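Right, one structure below, let's go through it.
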Amino acid sequence: MLRPALLLALALLPSPDRRSSAYDEAVLRASLRQAADDSVASPGGRSILMTHGARAPRVLVMLHGFTDAPTQFFGLGMRFYEGGDNIYIPRLPHHAVRTGGVRALSRVRAEEMAAFGDSVVAEAAGLGDTIIVIGLSAGGAITGSIALTHPEVSRVVLIAPALAAGVISNDAGRTISLLASRLPAVTRTEGADSTGPDYAKGMNSRGLAQVLRLGQMVRDGADKSPPAVKRIAFLLNDRDRTVSDDVAMELARKWSSQGATVSAAFFGKSSRLPHNVMEEASHGGNPDIVYPVIEAIVLNGELPPQVRSESMQSSCGFWRCKLVKIAKVGLLAAL
């Protein structure tokens with residue numbers, strides 16, 4: 001019988017199959033997630049995994065928006081897959097379910113979404129050497145949470161992230177979010193769409209409040225420490241009034257001042273895009289405009305002319321900013 005110390009030593013020996021073992025484990029975990037989806041999800045609502053049969057140089061994780069489903073990113077995922085990437089598009093908690101529809105989204109919780117982000121990154125680590133996470137709206141808030149704590153992720157792309165509500169002030173949005181999280185859910189449903197049974201049309205106040213609460217958690221986390229992910233991109237929409245571009249840019253500048261390499265790009269109003277910029281052309285979107293922009297951001301390419309960018313150059317480095325802040329606090333205390 002082998003002694004425990006010897007067993008431990010054998011377990012720590014390098015294995016030529018370690019990379020393939022990590023890939024097999026990641027595929028198994030994703031398959032288990034899909035099996036769990038199949039017990040509750042609408043047709044087409046299960047998590048999507050597209051691999052080339054082995055660990056790839058790069059894996060892209062794509063996180064869909066509130067009330068939507070993994071199919072939201074299928075078209076974009078196929079473009080990257082055809083370029084050689086492995087693609088993982090998991091179903092967000094309580095989304096795209098067969099029964100309950102929009103009402104089921106009242107079970108969404110901010111902490112659960114953050115934990116969900118942690119779990120999909122752990123799965124993605126076995127699918128590719130370089131991990132890139134892309135998230136839209138609620139998926140953007142989860143992506144922001146990932147940016148705070150996952151140094152193994154190479155880059156994150158936050159598309160119209162649900163960090164705060166649009167139009168209303170930040171304080172008012174925080175108050176409404178707090179009340180909506182505690183009051184009975186208000187649900188607005190719309191007619192079913194036969195072309196997309198996985199998409200829950202409508203709104204759920206409690207679920208939305210929890211998404212915005214996660215956005216606040218991301219912002220609070222940014223106040224405490226710099227992001228673990230060092231390459232961060234924001235893709236915003238000048239025509240969007242659902243979420244706050246101002247709050248997104250405030251976070252972008254903060255992360256830049258903390259030492260991350262941050263970029264920000266904007267779809268102009270002339271692009272006439274909805275909040276859900278991933279929407280198909282038949283539903284008011286324009287993939288011909290949107291997909292090349294995201295590809296350029298991920299691949300470090302040149303942005304198309306219809307997209308403007310904003311420099312995130314900080315006036316001081318992270319530690320210099322910290323010293324300036326400490327000096328100001330000390331001066332105020334002396335007064």
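Residues are listed down the side, and each one gets a yes or a no for (1) out of contact with any helix residue (DSSP H, G or I) (no Cβ under 6 Å at 6 or more places or on another chain); (2) farther than 17 Å from residue 299 by Cα; (3) basic (Lys, Arg); (4) surrounded by fewer than 16 Cβ atoms within 10 Å (Cβ to Cβ):
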position: 225; (1), (2), (3), (4): yes, yes, no, yes
position: 230; (1), (2), (3), (4): yes, no, yes, no
position: 234; (1), (2), (3), (4): no, no, no, no
position: 237; (1), (2), (3), (4): yes, yes, no, no
position: 240; (1), (2), (3), (4): yes, yes, no, no
position: 248; (1), (2), (3), (4): yes, yes, no, no
position: 267; (1), (2), (3), (4): yes, yes, no, no
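Here residue 3 meets the list (1) of a type outside the set (Val, Ile, Thr); (2) at pLDDT below 90; (3) under 18 Å from the mean Cα position of the chain (by Cα) almost entirely, failing just condition (3). The residues of segment 147-181 that are within 20 Å of residue 277 (Cβ to Cβ), at pLDDT 95 or above and touching a strand residue (DSSP E or B) at 6+ places or on another chain (Cβ under 6 Å), listed by number, are 147, 155, 156, 157, 158, 159, 160, 162. In the set (1) among the aromatic types (Phe, Trp, Tyr); (2) crowded, with 24+ Cβ neighbours inside 10 Å; (3) touching a Pro at 6+ places or on another chain (Cβ under 8 Å), residue 116 fails one condition alone, (2).
Residues that are modelled with pLDDT under 90 and either more than 22 Å from the chain's Cα centre (by Cα) or among the basic types (Lys, Arg) (or both) number at least 1 in the following helices (runs of 4 or more DSSP H) confined to segment 245-335: 318-334. Among the residues of this structure, residue 76 counts as one that is within 21 Å of residue 281 (Cβ to Cβ) and of a type in the set (A, V, I, L, M, F, W, C). Being out of contact with any helix residue (DSSP H, G or I) (no Cβ under 8 Å at 6 or more places or on another chain), on the phi > 0 side of the Ramachandran plot and of a type outside the set (Val, Ile, Thr) is a description that does not apply to residue 44. Residue count for segment 269-288 under the criterion of being of a type in the set (S, T, N, Q) and surrounded by 21 or more Cβ atoms within 10 Å (Cβ to Cβ): the result is 1.
Cβ-Cβ distances below 6 Å connect the following pairs, each with a first residue in segment 50-72 that is outside any strand (DSSP E or B), a second residue that is surrounded by fewer than 24 Cβ atoms within 10 Å (Cβ to Cβ) and among the acidic types (Asp, Glu), and a separation of six or more residues or different chains: 69/198; 71/198.
Quick check on my filter: what residues within segment 98-121 are of a type in the set (A, V, I, L, M, F, W, C), part of a helix (DSSP H, G or I) and either over 21 Å from residue 298 (Cβ atoms) or touching a His at 6+ places or on another chain (Cβ under 7 Å) (or both)?
Residues of segment 98-121 of a type in the set (A, V, I, L, M, F, W, C): 102, 104-105, 108, 110, 113-116, 120-121.
Those still in the list that are part of a helix (DSSP H, G or I) too: 102, 104-105, 110, 113-116, 120-121.
If the condition is that a residue be of a type in the set (A, V, I, L, M, F, W, C), part of a helix (DSSP H, G or I) and either over 21 Å from residue 298 (Cβ atoms) or touching a His at 6+ places or on another chain (Cβ under 7 Å) (or both), then 102, 104, 105, 110, 113, 114, 115, 116, 121 are the ones that fit.
Just one of the listed residues (126, 144) is within 28 Å of residue 268 (Cα to Cα) and either at pLDDT 50 or above or touching a Ser or Thr at 6+ places or on another chain (Cβ under 7 Å) (or both), and it is 144. Residues that are surrounded by 16 or more Cβ atoms within 10 Å (Cβ to Cβ) and small (Gly, Ala, Ser) within segment 18-44 comprise 26, 30, 41, 42, listed in sequence order. Only one entry of 130, 149 meets the criterion of being touching a residue at least 12 places away in the same chain (Cβ under 8 Å), of a type in the set (Ser, Thr, Tyr) and in contact with a Lys or Arg (Cβ under 6 Å, 6 or more places away or on another chain), and that entry is 130.
Checking each residue in segment 19-49 for being assigned to a helix (DSSP H, G or I) and of a type in the set (Ser, Thr, Tyr) picks out 20, 21, 23, 31.
Identify all residues within segment 204-243 that are polar (S, T, N, Q), in contact with a strand residue (DSSP E or B) (Cβ under 7 Å, 6 or more places away or on another chain) and at pLDDT 95 or above; write none if there are none. If you could, list the steps in order and put the result at the bottom.
First, pick out the residues of segment 204-243 that are polar (S, T, N, Q): 204-205, 210, 216, 225, 237, 242.
So of that shortlist, the ones also in contact with a strand residue (DSSP E or B) (Cβ under 7 Å, 6 or more places away or on another chain) come out as 204, 237.
Of everything in segment 204-243, just one residue is polar (S, T, N, Q), in contact with a strand residue (DSSP E or B) (Cβ under 7 Å, 6 or more places away or on another chain) and at pLDDT 95 or above, namely 237.
The values are calculated or read from the model by the stated rules, or taken from the named source; none is laboratory data. It should be emphasised that the depicted structure is a prediction, and the values quoted were computed from it without experimental measurement. A quick note on method: Cβ atoms are made from the backbone with ideal geometry, for glycine too, and the neighbour counts reach across all protein chains shown.
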